[in-house]
Amino acid sequence: MTENILEVRDLVKHYPVTRGVVFKKTIGHVKAVDGVSFELRQGETLGVVGESGCGKSTLARVLMNLEKPTAGNVLYKGQDISKLSGGGLRRLRRQIQLVMQDPYTSLNPRMTVGDLIGEPFEIHPEVAPKGSRRRKVKELLDLVGLNPEHINRYPHQFSGGQRQRIGIARALALRPEIIVCDEPVSALDVSIQAQVMNLLEQLQSEFGLAYVFIAHDLSVVRHLSDRVAVMYLGKIVEIGTEDEIYERPTHPYTQALLSAVPVPDPTVRQNKAIIRLTGDVPSPADPPSGCRFRTRCWKAQDICAQQVPLLQIRQGSDHPSACHFAEKREIVATHEA
């Protein structure tokens with residue numbers, strides 16, 4: 001067992017809902033992340049999946065300390081990063097980097113590729129002496145599969161996949177231990193997605209990187225992840241290894257997500273049962289009592305409205321699930337809701 005490099009404990013991020021223009025009054029809170037806990041081991045990839053609006057990107061921002069948590073802790077090697085500021089926070093930035101979702105907007109169009117990738121060296125001059133920075137930038141370009149001679153080009157002169165490689169090169173500049181990938185391939189064509197995913201795997205193998213890989217595409221997450229956490233309305237409802245989540249899901253929401261994954265084999269597709277969820281995702285400003293999934297769940301009973309199910313290993317299961325009636329199934333179910 002490798003040691004935990006990152007620990008998230010009961011993490012909460014709420015945004016106030018206000019009324020009024022001059023004298024603003026807080027009338028509620030949007031519970032974007034509401035009690036999330038997990039660990040990340042050295043060299044491991046933890047996939048985080050869920051619908052849009054479930055709190056995945058907010059989780060990424062809090063992990064990067066771009067936003068302070070409302071409650072809870074994010075521990076990097078035992079140190080609470082949410083308590084850091086100034087020089088301590090700047091030193092932490094070397095160890096935890098971010099690859100953003102949209103390669104079209106995450107790069108300054110007025111800066112050359114050389115300036116974009118070399119900017120971390122300006123902020124952390126101790127990493128690379130001034131005379132060696134251009135050489136290091138070229139090495140990074142070569143590392144991510146781009147021509148080092150294009151160092152003076154601008155972002156608009158590259159394709160979407162190439163821009164995302166530039167973003168990855170920038171994240172690698174300081175040789176971090178953890179990279180938070182916030183849907184890094186969702187804006188790319190499918191064929192380009194595969195190339196970027198293979199690059200991330202190659203870099204992880206070469207540098208021992210740990211990834212928090214956030215996505216809504218289940219097939220993409222399965223390709224890269226060692227463990228997977230499924231989020232719904234600000235909470236993790238199931239977490240386990242790639243095989244446990246994809247082959248033996250126990251939470252109804254996970255089962256519904258997996259039943260909707262397209263199957264290329266027409267014979268298998270014809271016999272595959274689909275779980276159709278009715279209703280919309282509730283508002284994170286006013287989540288349901290008890291289990292947040294109960295308003296769309298075919299298993300819901302009175303206890304689901306009264307008690308919040310704990311994320312724990314249930315009888316007959318081999319990984320934690322937050323459901324009072326969790327049961328192991330072979331990927332698909334026969335029920336429709």
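The values are calculated or read from the model by the stated rules, or taken from the named source; none is laboratory data. The model shown is predicted, which means the values in this text are computed figures rather than measured ones. Note: ideal-geometry Cβ built from the backbone for every residue, glycine included; neighbour counts use all protein chains shown.
I need the full set of residues from segment 36-50 which are at pLDDT below 95 and touching a Lys or Arg at 6+ places or on another chain (Cβ under 7 Å), in order please.
50
Restricting to segment 157-167, and then to whatever is within 27 Å of the chain's Cα centre (by Cα) and farther than 19 Å from residue 98 by Cα, can you tell me which residue is surrounded by the fewest Cβ atoms within 10 Å (Cβ to Cβ)?
159
Would you check which residues across segment 105-161 are under 23 Å from residue 175 (Cβ atoms) and polar (S, T, N, Q) and list them?
Result: 106, 108, 112, 132, 147.
Can you find a residue that is buried (at least 19 other Cβ atoms within 10 Å of the Cβ), part of a strand (DSSP E or B) and not basic (Lys, Arg) anywhere in segment 198-210?
yes
Tell me, which residue of segment 122-156 that is over 14 Å from residue 195 (Cβ atoms) and of a type in the set (A, V, I, L, M) is surrounded by the fewest Cβ atoms within 10 Å (Cβ to Cβ)?
123
Restricting attention to segment 65-79, which residues are in contact with a strand residue (DSSP E or B) (Cβ under 8 Å, 6 or more places away or on another chain) and basic (Lys, Arg)?
The one that is in contact with a strand residue (DSSP E or B) (Cβ under 8 Å, 6 or more places away or on another chain) and basic (Lys, Arg): 77.
Does residue 241 meet the test of being of a type in the set (Val, Ile, Thr) and closer than 21 Å to residue 298 by Cβ?
For residue 241, the condition - of a type in the set (Val, Ile, Thr) and closer than 21 Å to residue 298 by Cβ - is not met.
Test residue 70 against the criterion of being more than 22 Å from residue 207 (Cβ to Cβ) and surrounded by 14 or more Cβ atoms within 10 Å (Cβ to Cβ), and give yes or no.
Spelling it out, residue 70 is indeed more than 22 Å from residue 207 (Cβ to Cβ) and surrounded by 14 or more Cβ atoms within 10 Å (Cβ to Cβ).
Find all pairs meeting these conditions: Cβ atoms under 8 angstrom apart; at least six residues apart or on different chains; first residue within segment 132-145 and free of Cβ contacts under 8 Å to residues at least 12 places away in the same chain; second residue buried (at least 16 other Cβ atoms within 10 Å of the Cβ).
Close Cβ pairs (under 8 Å, with a partner that is buried (at least 16 other Cβ atoms within 10 Å of the Cβ)) amount to 139/148; 142/148.
A quick yes/no check of all residues on (1) in contact (Cβ under 8 Å) with a residue 60 or more places away in the chain; (2) closer than 30 Å to residue 28 by Cα:
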residue	(1), (2)
211	yes, no
219	no, no
233	yes, yes
251	yes, yes
277	yes, yes
282	no, yes
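Within the group 72, 87, 145, which residue is of a type in the set (Gly, Ala, Ser) and either modelled with pLDDT under 90 or part of a helix (DSSP H, G or I) (or both)?
One residue alone meets the criteria, 87.
Test of understanding: among 106, 132, 52, which residue is over 30 Å from residue 258 (Cα atoms) and part of a loop (DSSP other than H, G, I, E, B)?
After applying the criteria, what remains is 106.
Within segment 1-33, which residues are in contact (Cβ under 8 Å) with a residue 40 or more places away in the chain and either farther than 14 Å from residue 63 by Cα or not in a strand (DSSP E or B) (or both)?
Within segment 1-33, 1, 2, 14, 17, 28, 29, 30, 31 qualify.
Taking residue 99 as the residue in question, decide whether it is of a type in the set (Val, Ile, Thr) and under 19 Å from residue 33 (Cα atoms).
Taking the combined requirement at face value, the residue does not satisfy it.
For segment 298-329, give me each residue that is part of a loop (DSSP other than H, G, I, E, B) and among the charged types (D, E, K, R).
Within segment 298-329, 299, 314, 318, 327, 328, 329 qualify.
Examine segment 37-50 for a residue that is in contact (Cβ under 8 Å) with a residue 40 or more places away in the chain, in contact with a His (Cβ under 7 Å, 6 or more places away or on another chain), crowded, with 20+ Cβ neighbours inside 10 Å and not small (Gly, Ala, Ser), and state whether such a residue exists.
Looking through segment 37-50, at least one residue is in contact (Cβ under 8 Å) with a residue 40 or more places away in the chain, in contact with a His (Cβ under 7 Å, 6 or more places away or on another chain), crowded, with 20+ Cβ neighbours inside 10 Å and not small (Gly, Ala, Ser).
For a quick check of your reading of the model, give me the residue pairs whose first member lies in segment 176-194 and is in contact (Cβ under 8 Å) with a residue 60 or more places away in the chain and closer than 15 Å to residue 216 by Cα, whose second is surrounded by fewer than 20 Cβ atoms within 10 Å (Cβ to Cβ) and among the hydroxyl-bearing types (Ser, Thr, Tyr), with beta-carbon atoms closer than 6 Å and at least 6 apart or on different chains.
Final answer for the pair search is 182/57.
From the list 228, 185, 180, which residue is part of a loop (DSSP other than H, G, I, E, B) and buried (at least 23 other Cβ atoms within 10 Å of the Cβ)?
185
Please verify whether residue 62 is touching a Pro at 6+ places or on another chain (Cβ under 7 Å), of a type outside the set (Phe, Trp, Tyr) and either on the phi > 0 side of the Ramachandran plot or not in a helix (DSSP H, G or I) (or both), treating the condition exactly as stated.
So residue 62 does not fit the description; no.
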